[in-house]
Amino acid sequence: MQHEREHYVNGEWVEPLESNLIDVFDPSSEEVFTRIAGGGPKDVDRAVAAARAAFPQFSITTRRERMDILQSILTEYDRRQEDIASVLCTELGAPLTIAREWQLASADLRSVIGVLENYQFEELQGTTKIIREPIGVVGLITPWNYPVLQIIMKVAPAIAAGCTMVLKPSEVAPLNAIIWSEIMHAAGVPAGVYNMVQGEGAVVGEAISAHPGIEMVSFTGSTRAGMLIAQSAARTVKRVAQELGGKSANILLPDADFESAVTKGVLGVMRNSGQACSAPTRMFVPADRHDEVKRIAKAAAERLIVGDVHDPKTNIGPVVNRTQFDKIQGFIHAGIQEGADLVTGGLGRPEHLNRGYFVRPTIFANVNNDMTIAREEIFGPVLSILPYRDEEEAIDLANDTIFGLAAYVQSSDLSRARRVAARMRAGTVHINYPAFDRAAPFGGYKQSGNGRENGKWGLEEFLEVKALLGYDAPTA
């Protein structure tokens with residue numbers, strides 16, 4: 001890789017206009033392994049100018065032309081999957097087996113191509129034609145926890161819509177975005193359509209959010225950062241689509257298969273070291289089954305192997321950096337101090353590891369909904385088990401949160417599960433741990449954000465609606 005200290009603008013790798021370097025750490029060793037360019041407002045201005053110059057022509061490309069571009073990106077992406085998996089092991093601390101699974105995100109590209117092929121951009125409504133057209137230049141700000149997947153979830157529908165763009169990937173895990181930019185170049189994406197500026201969120205992200213030349217911002221990240229982006233964007237009244245934090249409830253109804261439901265729930269929390277906004281981190285269980293759940297959860301967590309990300313037996317790698325490690329340790333300490341029952345795990349690294357940002361898979365039981373660990377998004381491998389008296393209380397407790405990204409319901413009675421799922425105040429509700437649906441809308445209620453990604457809903461975030469009045473009435 002040779003572009004760490006450059007940005008990608010107008011179809012070329014370019015030197016930064018504002019000189020700054022950002023250290024990139026390997027979370028397994030806690031050591032700096034490379035440095036990337038840290039852009040500034042001038043770099044954003046240059047990228048926005050390129051995107052604005054490319055927009056008039058790209059916005060009128062045909063459906064077929066945009067499908068061909070996406071197909072070329074897919075071909076190049078498939079060729080670079082192993083490269084992306086390798087850098088995710090180093091910059092994110094993802095176990096190689098999991099990193100390889102993530103890079104099968106080619107399915108997400110195929111999904112966007114399928115949506116574009118069938119989407120109706122025009123319809124006649126009486127004597128009015130309704131047209132959906134590209135919103136303009138868009139700013140895309142992506143996170144570090146599922147980095148390349150989140151890039152695809154924004155870049156692909158933006159291209160499908162006919163928008164041009166400026167991407168700011170996470171500076172914490174940036175190398176996958178450099179490979180992605182190489183993929184875009186190799187795929188022959190027209191100059192100026194896709195631009196990438198590396199840098200810190202407080203600098204480059206702020207410049208994108210406030211830029212008068214950008215019509216829309218799509219952001220995935222923390223709720224706190226999302227609030228700041230919305231405030232900056234408000235100054236130019238641009239559209240903002242946000243996928244933010246979560247504290248997802250997982251209700252186990254009394255008729256669920258507890259051995260399976262608890263085990264899968266634990267694994268869902270621990271995957272990617274707990275660094276997932278939609279992880280089922282609050283497990284609600286019948287009070288009279290609480291001790292049984294503790295036993296199953298403890299066994300499931302203690303079977304997990306934490307360690308070398310290149311070992312195929314490893315289930316959990318380190319969390320991404322010192323800041324994240326310290327934050328998680330603070331939450332574990334709060335759980336202990338506030339009287340939750342520490343079932344397994346706890347403070348510090350696993351005993352066999354003496355360096356790296358490795359966190360013990362941790363289970364708390366006898367948690368109540370007022371405890372810090374039940375209220376705050378921990379973003380680490382920490383599960384809270386909360387007892388409930390009856391179904392009504394379970395639903396009330398599950399909805400008693402500022403977040404609303406995802407929820408989970410487990411039951412052997414599908415009609416009952418669906419009835420409970422319908423009452424969950426969340427954007428996505430998973431019934432009995434189903435397979436992921438790439439065409440389903442993804443996004444949250446409340447402080448988990450606004451807007452949706454995936455499927456036709458993800459495409460429509462990048463479209464404006466225009467009404468053309470005065471068309472003749474349709475003939476019989």
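Just so you know, all these numbers are worked out from the coordinates, no wet-lab data involved. Predicted model, so just to flag it, every value in this text is computed and none were measured. For neighbour counting, all protein chains shown are included, and Cβ atoms are generated from backbone atoms with ideal geometry for every residue, glycine included.
Shape class for segment 66-160: prolate, because the ratio a/c of the largest to smallest gyration tensor axis (alpha-carbon atoms, square roots of eigenvalues) is 1.5 or more and a/b beats b/c. Normalising the average separation of contacting C-alpha pairs (under 8 angstrom, six or more residues apart) by the number of residues puts the relative contact order of segment 69-167 at 27 percent. Beta bridges assigned by DSSP with both partners in segment 249-437 are antiparallel in approximately 15 percent of cases. Ranked by how many other Cβ atoms sit within 10 Å of their own Cβ, fewest first, the residues His185, His333, His211 fall in the order His333, His185, His211.
One decimal place: the segment Ala234-Arg63 gains 58.4 nm when fully extended, by the rule 0.36 nm per residue minus the C-alpha distance. Directionally averaged projected area (segment 270-323, Cα convex hull): 5.0 nm². Computed extension gain for Glu4 through Ala439, at 0.36 nm per residue and net of the alpha carbon distance, reaches 153.3 nm.
Spin-label model, Asp341/Asp390: points 7 Å from Cα along the beta carbon direction are separated by 2.4 nm. Label separation (Ser222 vs Arg110): 3.7 nm, computed from points 7 Å beyond Cα along the C-beta direction.
Computed over the alpha-carbon atoms, segment 249-437 gives an Rg to Rh ratio of 0.95, Rh here being the Kirkwood radius from the mean inverse distance. Could you let me know the centre-to-centre spacing of segment 421-459 and segment 165-184, using Cα atoms, in angstrom? Here the answer is 25 Å between Cα centres. The modelled label-to-label distance between Asn366 and Asp78, using points 7 Å beyond Cα along the C-beta direction, is 5.6 nm. In terms of surrounding Cβ atoms within a 10 Å radius of their Cβ, Val137, Val14 rank from fewest to most as Val14, Val137.
Residues Trp13, Trp144, Trp180, arranged from fewest to most other Cβ atoms within 10 angstrom of their Cβ, appear as Trp13, Trp144, Trp180. Taking 22 Å as the straight-line reach from the Cα of Lys129, the lysines in range (excluding those fewer than 8 positions away in the same chain) are Lys456, Lys466. Annotation: average projected area of the chain is 23.6 square nanometres, based on the convex hull of Cα atoms across all directions. Taking every C-alpha pair closer than 8 Å and separated by at least 6 residues, the mean separation divided by the residue count of segment 333-470 gives a relative contact order of 15 percent.
Straightening the chain between Arg375 and Asp257 buys 39.8 nm, computed as 0.36 nm per residue apart minus the Cα-Cα spacing. Across segment 249-437, the relative contact order, built from alpha-carbon pairs under 8 Å that are at least six residues apart, equals 28 percent. Simple point charges give the picture: +1 on the Cβ of Lys and Arg, -1 on the Cβ of Asp and Glu, and for the chain a dipole about the Cα centre of about 540 debye.
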